[in-house]
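Asker: Got a structure here, written out as structure tokens. Questions coming.
None of the figures in this text is laboratory data; all of them are computed from the coordinates on show. Not measured: the values here are computed from a predicted model. Note that we place each Cβ from the backbone using ideal geometry, even for glycine, and neighbour counts take in every protein chain shown.
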Amino acid sequence: MPVPAGNRGQVGLTTFDKLKMGAMMGGTVGVIIGFIYGTVSIFRYGAGPNGIMRTLGKFMLGSGATFGFFMSIGSVIRSDSSPIAQQAYALSRRRPIIMASDAYRPQLTRRAQS
């Protein structure tokens, strides 16, 4: 889901939107993994008394729900940061206070000589 465009005053997605997006991504990946694992399991051990479609559906639903649940929680935890952590990151990305001497900056010394 792309970030909504426009000047509505919102900086980004809300926490609930991130939760939904994580659940959708995790559910999709989980269903695909459940399909693969369920197909291999049916080929190896048979479908059993429930039949092929019901057994495959159980694998897909269980895997999709589990992975979607954990992915939604993980996306909310990852996006939730404190102002202290944001300030520390901003300070780590700023320009250095102590500048190197001219001996370590040859491009500036060449300009000064010409």
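Asker: Can you compute the FRET efficiency between Q86 and F16 using 1/(1 + (r/R0)^6), with r the Cβ-Cβ distance and R0 = 35 Å? Round to the nearest 0.05.
Answerer: The calculated FRET efficiency here is 0.95.
Asker: Kirkwood hydrodynamic radius for segment 15-96: how many Å is it when counted over pairs of different Cα atoms?
Answerer: When all Cα pairs of segment 15-96 are included, the Kirkwood radius is 14.9 Å.
Asker: While we're here: How do the peptides 46-58, 19-31 rank, highest first, by the average count of neighbouring beta carbon atoms within 10 Å per residue?
Answerer: Ranked by mean Cβ neighbours within 10 Å, highest first: 19-31, 46-58.
Asker: Next question. Separation between the I42 and M25 pseudo-spin-labels, each 7 Å from Cα along Cα→Cβ, expressed in nm?
Answerer: 2.9
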